[in-house]
Every structure is written in C-alpha cells, then in structure tokens.
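Peer 1: First the structure, then my questions, so here it is.
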Amino acid sequence: MKIFVARDAGYCFGVRDAVNLAYDTAKTHGEVYMLGTIVHNERVVNDLSKVGAKVVNSIDDVPSGKSLLFRAHGTPPETWEKASKKNIKLIDGTCPLVTEIHEEIKALDEEGRKTIIIGDHGHDEVVAIAAQVKKPIIISNVEEATALRKMKKAGVVSQSTQMIENVQDIMDVLMEKVFDLRFINTICFPTRRNHQQIKELAVNNEVMVIIGSFTSANSKRLTQLSLERNKRSFQVTSADEIRKSWFRDCNTVGISAGASTPDETINEVIQKIKQIGHVTEKETIYE
C-alpha cells in the first residue's frame, strides 16, 4: 500500500505563528489568557493549557497585569478598545491574511458600497470581519444570496477558508443582483493550495483520510471536497479513530489535514495506517 500526504496538510503559517506565540508567552510570563480557543483543535488547546495558556470568556476574567493573546481568527475592534483600557498586556496573534481582509472590507465601506461577506454565520473569523464595518450582510450559501434584494453598489469579501466553488456560485447570483459590484478574492493562498491538493488526491487514491477537529470549518470543507470525489473518504481527529476495515483491498491512501491540525497528530495517523497496511517505505509527499 502506498501513502500520499498533501504537502500543505496541517498548520498554515498563521495558525503555526499564533500557537507558537501562545507557547512562548506562557513560558515567558508563566501564563497567558485567550478569549476562546486559539484554534479549533482540542489537542492543541489541551497541550497549551498544560503550559499555562488559559481560555476565558470575558476580558474581565483576565487578572490585572497579565497577558491577553488575541487569536489567529481576528478580534472585533470594540474588544481591542475595551482590553486596551485595562491593565493587561495585549498580544496580537491575528493571521496577517485575516488582517488584510479587515482592511479590504473597510476600504469597500469607504467607497460607499454595501459590504457583503461570504462566510459561515457565527464563525470567529467572520464575526471579526463583520465588526470592521457597520451592518454588513453575511451570506453562507446560494439560497441566502438569492433572497437578497437588488442593490446599486456593493463590495464582497470572503472568509479566508471558504471553498472557491461556493464563492463562485454566490457571486454568480450577486452579479444579477448588484449593478456596481466589486469582489475581492480573500480566500487565502494556503487554503486554495490545500483544496487543490485534496481534489487531486481524492481522484487518484482509493481511500482518503482527512485529519482535523469537527469544530474546524476548514477541516470539514476538506472532507466535503474529498467526499464529492471519493466516497471512501473519512475524517478523524486522531489515530485512535482509524479503522482497519477502511483499507480492505486498498493499494493507495491519500492524506490531508485541516489548517489547525498539529504535526504530531498527522504523523501519528500516518504511522497507524502504515501499521494496518504493513507499509515499510516512506510516505510520498504530494505537491
């Protein structure tokens, strides 16, 4: 059995930088506080808690003089403002590509356009993007786009981890709804690259394994893309969830992982599959 692993499986640079920042701050200051989990992965959250990274629900829960780390997904301006008035040290872990989306939607707003965000309702990143302007419209699917009234002037950005297919379908609808429409493609490059790799892996391998938390939107999208092309696609959060029966009469396995999945988990899943398939040769990195 041959194993092919997507080169860009797992941590994107924004998540890796934020997680490392949390570890470094906890080690330097003894502890660090975060408003919600830093990434959507239970293992990462648990490992961070062991070194002093603590999740709180409110800025008021951060003790005076301590450090507060803002997460990779971005933070609403009012939260920044409230935190800056307290005696706490603020550390910005926002992904630079998410920060760019904040700037883009503000620029669209300044042009006098109605702002539209293509993204998941309630997702941390989308909430932070929406908070940059007044009364943006959030659209997650074609049905919601179809329900919109016609308008003269609008500008569109997307959540960084959206599937290009969903964005394209929504934009097709918006082009009929808006007279003066400006679209900025803010799907981040790591997402586009990982999506392309999994599409190819799913077609060229008999079994697909996607590693990532079920709370992770981008992990679930990888699974969706894979399932659309290969019905023998399985999402797992750890090696313990791998089942021997999945690989019956299987010669090739493709593996990818969401952007919040740590290297350790990916390596453990690879080793478990190797044991099942009695594989001794090194896995192939798929570019």
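Peer 1: How many residues does the stretch 111-166 hold that are under 17 Å from Asp180 (Cα atoms), touching a residue at least 40 places away in the same chain (Cβ under 8 Å) and of a type in the set (A, V, I, L, M)?
Peer 2: Residues that pass the stated criteria total 5.
Peer 1: Let me ask something else about it. Against the condition touching a residue at least 24 places away in the same chain (Cβ under 8 Å) and either buried (at least 21 other Cβ atoms within 10 Å of the Cβ) or within 16 Å of Pro136 (Cα to Cα) (or both), how does Glu104 come out, does it pass? Before the answer, list the steps.
Peer 2: Values: touching a residue at least 24 places away in the same chain (Cβ under 8 Å): yes; either buried (at least 21 other Cβ atoms within 10 Å of the Cβ) or within 16 Å of Pro136 (Cα to Cα) (or both): yes.
Against the criterion (touching a residue at least 24 places away in the same chain (Cβ under 8 Å) and either buried (at least 21 other Cβ atoms within 10 Å of the Cβ) or within 16 Å of Pro136 (Cα to Cα) (or both)), Glu104 qualifies.
Peer 1: Since Arg16 meets every condition but one in (1) open to solvent by 50 Å² or more (accessible area, probe 1.4 Å); (2) more than 16 Å from the chain's Cα centre (by Cα), which condition does it not meet?
Peer 2: (2)
To keep it simple, each residue is scored yes or no on (1) closer than 19 Å to Lys135 by Cα; (2) at pLDDT below 95; (3) out of contact with any Cys (no Cβ under 7 Å at 6 or more places or on another chain).
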| position | (1), (2), (3) |
| --- | --- |
| Lys66 | no, yes, yes |
| Gly74 | yes, yes, yes |
| Lys89 | no, yes, yes |
| Ala107 | yes, no, yes |
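Peer 1: Within the stretch 3-17, which residues are over 18 Å from Ser219 (Cα atoms) and either touching a His at 6+ places or on another chain (Cβ under 9 Å) or modelled with pLDDT under 95 (or both)?
Peer 2: Of everything in the stretch 3-17, just one residue is over 18 Å from Ser219 (Cα atoms) and either touching a His at 6+ places or on another chain (Cβ under 9 Å) or modelled with pLDDT under 95 (or both), namely Asp17.
The values are calculated or read from the model by the stated rules, or taken from the named source; none is laboratory data. Quick caveat: nothing in here was measured; it's all calculated off a predicted structure. When we count neighbours, we look across all protein chains shown, and the Cβ atoms used for this are built from the backbone with ideal geometry, even at glycine. To get the accessible areas, we keep the full protein, side chains included, count just its heavy atoms, and leave off ligands, DNA and RNA. Shrake-Rupley method; radii C 1.70, N 1.55, O 1.52, S 1.80 Å.
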